Amino acid sequence: GRQLCVVSCFFIIARVTSLNVEPGFGNNIFGVSDGAQNFFNTGLLGAVITTILGSITWQLVASAFPLAFLSNPLVYVFLRICLFLEATGIASGAWVLAALHKRIAGFQRDEAYIGTAEEREAKDL
């Protein structure tokens, strides 16, 4: 559940912080170079900051001060939200995505491509 929340925040903030400033016309934000402006346009800067502030910082605080961290009522609320998400199974979304991909791409079981073990053994003889 926690990972799902972090990844969701990662993508949302990356989308929100992406820019659409055309480099090379002198309109770069903060007067940065064209290469830096291209990087800002991708939204990765916001995603990196989100990763640092939203994930790594809290892990360091929790490992340094575990009792104080877990005693915080706000942490308890977030923990309950994450446990609820985990209990719903939405965190196992890879299975849903795999099923959709299988349906869209028309994948079949391995036997359709390479045959069963018995069929392969019969061909080798």
Note to self: Modelling each spin label as a point 7 Å along the Cα-to-Cβ direction, I'd like the Val77/Ile104 distance in nm, to one decimal.
What the structure shows: 3.6
Notebook entry, point to check: Using 7 Å Cα-to-Cβ label points, what is the Val96/Gln59 separation (nm, one decimal)?
Noted result: 2.5
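Decide, for the chain, between rounded, prolate and oblate: order the square roots of the alpha carbon gyration tensor eigenvalues as a ≥ b ≥ c, take rounded if a/c falls under 1.5, and otherwise choose prolate if a/b is larger than b/c, else oblate. Please list the in-between numbers first.
Details: a/c = 3.12, a/b = 1.40, b/c = 2.23.
The shape class here is oblate.
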Checklist line | Inter-label distance for Asn20 and Glu121, nm, one decimal - labels placed 7 Å from Cα along Cα-to-Cβ | finding: 6.2
Next item on the list: Can you grab the distance from the C-alpha centre of the range 86-125 to the C-alpha centre of the range 34-60, Å, no decimals?
Entry: 36
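No lab work stands behind these numbers, since they all come straight from the coordinates. On a predicted model such as this, the values are computed, not experimentally measured, just so you know. Here Cβ is always computed from backbone atoms with ideal geometry, including for glycine, and neighbour counts include all displayed protein chains.
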